[in-house]
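Written out below as structure tokens is the structure these notes cover.
The values are calculated or read from the model by the stated rules, or taken from the named source; none is laboratory data. Note that the coordinates shown come from a computational prediction; the quantities given were computed from them, not determined experimentally. Please note: Cβ atoms are built from the backbone with ideal geometry, for glycine as well, and neighbour counts cover all protein chains shown. Ligands, DNA and RNA are stripped out before the accessible areas are found, and what is left, the full protein with its side chains, is counted by its heavy atoms. Shrake-Rupley method; radii C 1.70, N 1.55, O 1.52, S 1.80 Å.
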Amino acid sequence: GGGGGASGPGIEGSQSGNQGIGVSRGGNGGPGLPDIILNNGNIYAGGGGGTSNTGQGNSHGGRGGSGVGGEGNTRGRGFDGITSGSGGGAGSTQGGDGSRGLVMVTQFFRILPVNFIEFTCEFLSNKRLTNLNWSTSKEWENSHFEIERSVDGSKTFEKIGQVSGVGWTDEVTEYKFEDDKLPLSGGNVFYRLKQVDFNGRYDYSDITALRVPNVHFTKGVWRAYPNPIEGSEFNLELVDLTQYQDETISLRVLSAHIISEENTFINLQELNDTAYEIMANAPAGLWIFEIQWGNKVERIKVMKR
């Protein structure tokens, strides 16, 4: 706050000086600044009080701003400022000293929603999928993780899945996700996690990557018969046993208008039973069986009449 004038108020002073007959009063100092950081009730930087015009008769010095600025003194030296940054009062012989200034530094901290311990990925060749594993040591308002993947050198990421978070915990929590829709062309595959708070804010994890082998298209490993299909009988069998090492098998059936969901099997009998059911209910036309295992794919055309 500014100091009081001879008979006028300081800047933002709450009371102007007055000059009546036989009475002269110095202006009051302007108000100080409350401590909004520690909120301890302290007031800083009040203005010093002014002196009267004449210094004669019933003259009075102005009050210090907010009670912390130095009082004005019409009969001697002004009083010093009391709290940091407060001005000294004016005096008839000498002004009072202002108090030392005060620097207030504010820092704002955000509690990190998640502390990651690790984030790793591993390619499983027998199933042709990526195992993603990550763990956290602490979670705060953690809604979920979105798994993102890039196949163009980490330039563009797309969401491929989502895993719910714990929310609040100070204990180690482990997560996992399987990416079984790897590109047939193979190459370097990059992953990152988008951690999302309950309020919608989000942060990204570090990026992890691995190299995926490309798929080899085979011919003559599998056989569909009879082909064409005349009745309800249909079989899908493995012909070249050397090409199969007990990998998980995936099957899709495609036509000009329909693409079935991908089915996964752990043995040949399950595969053959499902293929039979699909073709028993399929309408007449040309169908393509896409069989994928390990890093190999074979496509067989089947005609149903």
**OP:** Read through the labelled values (1) 89, 18, 14; (2) 45, 21, 15; (3) 51, 24, 18 and report the label of the one computed as semi-axes √(5λ) of the Cα gyration tensor in Å from the structure.
**Re:** (1)
Subject >> Of the GluC sites (Glu not before Pro) in the stretch 117-163, those whose Cβ has at most 16 other Cβ within 10 Å and which sit in DSSP loop >> reply: GLU141
Subject >> the stretch 154-295 - percent of accessible surface contributed by carbon and sulfur, probe 1.4 Å >> reply: 47 percent
**OP:** Find the centroid of the Cα atoms in the stretch 246-305 and in the stretch 183-238, then give the distance between the two in whole Å.
**Re:** 15 Å
**OP:** State, as an integer percentage, the relative contact order of the stretch 181-305 based on alpha-carbon contacts under 8 Å between residues 6 or more apart.
**Re:** 24 percent
Original post:
Heavy-atom accessible area per residue, the chain, 1.4 Å probe: how many Å²?
Top reply: 56 Å²
Subject >> Column: log10 I(q)/I(0), Debye, Cα scatterers of the stretch 118-188, q = 0.13 Å⁻¹ >> reply: -0.44
Original post:
Please identify the chymotrypsin sites (Phe, Trp or Tyr not before Pro) of the stretch 70-156 that satisfy two criteria: DSSP loop assignment and at most 14 other Cβ atoms within 10 Å. Which are they?
Top reply: PHE108, PHE109
Original post:
Hey, what did the stretch 179-255 get for relative contact order, percent, Cα under 8 Å, at least 6 apart?
Top reply: 22 percent
**OP:** Mind checking the full-extension length gain between GLU233 and ASN263? Use 0.36 nm per residue of separation minus the Cα-Cα distance, one decimal, nm.
**Re:** 8.7 nm
Original post:
Ordering ASP179, ASP206 by how much accessible area each has at a 1.4 Å probe, largest first, what is the list?
Top reply: ASP206, ASP179
Subject >> trypsin sites (Lys or Arg not before Pro) within the stretch 113-200, DSSP loop, no more than 10 other Cβ atoms inside 10 Å >> reply: LYS155
Subject >> Cα lying deepest toward the dipole's positive end in the chain, options PHE145, GLY98, SER84, charges on Cβ >> reply: GLY98
Original post:
What is the packing order of peptides 284-292, 65-73, taking the mean over residues of other C-beta atoms within 10 Å and listing the highest first?
Top reply: 65-73, 284-292
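How much length, in nm to one decimal, is gained on full extension between GLU277 and GLU171, taken as 0.36 nm per residue of separation minus their Cα-Cα distance?
The span from GLU277 to GLU171 would gain 33.4 nm if fully extended.
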Original post:
Roughly what angle does helix 268-281 make with the longest principal axis of the chain, taking Cα atoms, 0 to 90 degrees, to the nearest 10?
Top reply: 90 degrees
